[in-house]
Amino acid sequence: MKSFLQLLSFGLVAVSVSAVPVVEERQDVVYQLSVATKGDAKLDGQKLEIVNAVVGVFKGDHPPAKVYEIKNQQNPKLSELHTSPVGIVDHVLGLKGDNGLYNLVDITNIHSTDNSKTHFSTFKLKDGLVTQDLPGHWIAFPSGNGAWDVKWYDGNAIITQNYVSVDVKYKKSTK
């Protein structure tokens, strides 16, 4: 009986350890994000940054948002964008909202998040552009002091007309 319990406990530990993704394997390629637009020359080409869980363009010296891609297990054409470097808690970029205007945000504890209002595994990376599986396109709103918040707009929400249409671009970065 003692041998059986030892074998059972070893088996449970082995299964749980094998289910944990290996960080080194997940981060083969790290990308830096930026915006491109013809609507505002000062905004065009600016790096995206994460400040207080909001993804956008900010004044001051902030590190650029760097992400690595993890393919969606149900649909390999879609991806999650996890932030790099990896800390104790895994962070992922996601769209948060439910009214047709979604904020691009940094999310922690993705599996405890209300997924009906958060989309984090629906990104598409192709030809240097980050898009979404949701209908719509990227826009940026001025948020004061020269800063811009990046959002996904599906055309259904009533919004003010002070936004600029943008593309979110990715390029290979050093880790």
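One table, with the values for the structure above:
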{"read-out": "For D44, distant residues with modelled amide H under 5 Å away", "value": "T37"}
{"read-out": "Cα-based reach from K171 at 25 Å (exclusive), listing lysines while leaving out same-chain residues under 8 positions away", "value": "K38, K42, K47, K59, K66, K71, K77, K96, K124, K126, K151"}
{"read-out": "Gained length - K124 relative to N109, 0.36 nm times residue gap less alpha-carbon distance", "value": "3.3 nm"}
{"read-out": "FRET efficiency estimate (nearest 0.05) - Cβ-Cβ, D167 to D61, R0 25 angstrom", "value": "0.50"}
{"read-out": "Region 26-173: relative contact order as a whole-number percent, Cα under 8 Å and 6+ apart", "value": "27"}
{"read-out": "For region 100-175 and region 41-61, distance of Cα centres in Å", "value": "13"}
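The numbers here are math on the coordinates, done by the rules we state, and not lab data. Treat the numbers as computed from the prediction; the structure is a model and nothing was measured. Cβ sites come from the backbone with ideal geometry, for glycine too, and all protein chains shown count toward neighbours.
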